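Student: The structure under discussion is supplied below as structure tokens; questions concerning it will follow.
The values are calculated or read from the model by the stated rules, or taken from the named source; none is laboratory data. Since the model is a prediction, treat every value here as computed from it, not as a measurement. Neighbour counts are summed over all protein chains in view; Cβ atoms, including those assigned to glycine, are modelled from backbone coordinates with ideal geometry.
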Amino acid sequence: MTTAATGPLAGVRVLELGSFIAGPFAGQLLGDYGADVIKVEAPADGDPMRRWGVTRDGDSLWWPTIGRNKRSVALDLRDERARRVAALLAERCDVVLENFRPGTLERWGLGYAELSGANPRLVMVHISGFGQTGPLAGQAGFGSVGEAMGGIRHTTGSPDRPPSRAGDEKGRRREKK
């Protein structure tokens, strides 16, 4: 997919690290507004969103939406050489967007302290389910977890069944008795 050449963020280059929904959705929005988004994906299978949810002929129906307006590069960030390539890419970007668990990039030598040394104007955006600090910071955050912790699961689904996901087409709103 190609990146939009116009829009309020035209000329802004974003390095998107991470996978699934939160980081890639933010990258999608930045790309929609014209940013040049470079998405880093695992070499073997790419972002899990390529296979997630409803599929047609083995292709996720989500991927064309969340992967739009991006260029992809395959890098295994668990490999030292790949991390050096990611750091070189970050030197040429305005924004690094990531949604790993807090501390992951720092352990890999790709934290703000390291990357901003070579690119002082860099903006680092962290997206996590429970923030970067605090008692739950290390926990994975998914929509289903947020729905459960926020209480919306209690109000969705059929009265005779366990709560369903918000927006589940098979779930029905509980009727008040």
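Student: If you check Pro135, Pro162, Pro120, which single one turns out to be at pLDDT 90 or above, loosely packed, with under 11 Cβ neighbours inside 10 Å, not β-branched (Val, Ile, Thr) and not assigned by TED's automatic domain parsing to the domain that holds Phe25?
Tutor: Pro135
Student: Check the range 23-45 and report whether any residue there is of a type in the set (Phe, Trp, Tyr), surrounded by 14 or more Cβ atoms within 10 Å (Cβ to Cβ) and within 24 Å of Phe142 (Cα to Cα).
Tutor: yes
Student: From Ala10, Ala4, grab the single residue that is at pLDDT below 95, in a loop (DSSP other than H, G, I, E, B) and over 29 Å from Phe130 (Cβ atoms).
Tutor: Ala4
Student: Taking the range 90-114 only, how many residues are touching a strand residue (DSSP E or B) at 6+ places or on another chain (Cβ under 9 Å) and either closer than 18 Å to Gly46 by Cα or crowded, with 19+ Cβ neighbours inside 10 Å (or both)?
Tutor: Matching residues across the range 90-114 total 10.
Student: In the range 13-24, what residues are at pLDDT 95 or above and of a type in the set (Phe, Trp, Tyr)?
Tutor: none
Student: If you go through the range 57-78, how many residues are surrounded by 13 or more Cβ atoms within 10 Å (Cβ to Cβ) and out of contact with any strand residue (DSSP E or B) (no Cβ under 8 Å at 6 or more places or on another chain)?
Tutor: The number of residues fulfilling the criteria is 6.
Student: What is the one condition in (1) surrounded by 11 or more Cβ atoms within 10 Å (Cβ to Cβ); (2) aliphatic (A, V, I, L, M); (3) farther than 23 Å from Leu105 by Cβ that Val54 does not satisfy?
Tutor: Only one criterion is unmet by Val54, namely (1).
Student: Here's another thing I want to ask about it. Being in a loop (DSSP other than H, G, I, E, B) and surrounded by 14 or more Cβ atoms within 10 Å (Cβ to Cβ) is the requirement here; does Phe20 meet it?
Tutor: So Phe20 fits the description; yes.
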